[in-house]
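Every number here is computed from the coordinates shown, using simple stated rules; none is lab data. Note that this is a predicted model, so its numbers are computed, not measured. Using ideal geometry, Cβ is built from the backbone for each residue, glycine included, and neighbour counts are taken over all protein chains shown.
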Amino acid sequence: MFEEYLEDAHCFAIEAKDKAEAREAKRYYRASVFYVASALEAFINYISSILIQSDLQQCEIALLTDRKFRLNNGRFEVSEAFQLHGIEDKVKFLICKYNPSFDFEHFAAWSQFIEFKDFRNAIVHPTHEYDEIELDEYRSKIRMGLSAIIEIIDCLCRLIIEKPLRQKIKDLIL
């Protein structure tokens, strides 16, 4: 599903470029932003569903499945209670699980992802009555965000399943 979301995000961003009216272009850019963010969530959920069948610790399963981790009668367990864990925590955990010495400071895609996540959050949780974001900012943020998330997913694929992301997805460049 995550690949379809990335393709959809790319498609919406291309459509946005072709729109003459700013309001219509922003509509497509916002859809693109939502699809890119959803693609990473879908990938993490997909890879987590595979990994929880392996030798993960209970606290790791709780993190990846958005469950509470608690002490029950002297034993730690995953509760059925929902507890949202941030996507960046899940990504960082997965990368560090398979490469404990990973250098996030020198991984440009990471800082770009954080910047894109903040941009997405500003759209999802607006503080203004109207969309005051300029089209140039939409263009640059979606270009950066799509590229960063594809690179992060590729990094995770290489670390966890020891195969790169499919080339057709890596070629989704704006």
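Before moving on, here are some points about what is shown:
- In this calculation the C-beta distance from SER111 to GLU134 is compared with R0 = 22 Å, giving a FRET efficiency of 0.50.
- The amide H of PHE69, built 1.01 Å from its N in the peptide plane, has SER79 as neighbours under 5 Å, considering only residues 5 or more places off or on other chains.
- Listed by chain and number, the lysines whose C-alpha is less than 21 Å from the C-alpha of LYS97, apart from same-chain residues fewer than 8 away, are LYS68, LYS163.
- When Rg and the Kirkwood radius Rh are both evaluated on Cα atoms of region 77-169, their ratio Rg/Rh stands at 1.05.
- Set of lysines near LYS141 by C-alpha distance (under 16 Å), chain-local residues within fewer than 8 positions excluded: LYS17, LYS26, LYS117
- Value of Rg to Rh for the chain, rounded to two decimals, is 1.02; Kirkwood radius and Rg both from alpha-carbon coordinates.
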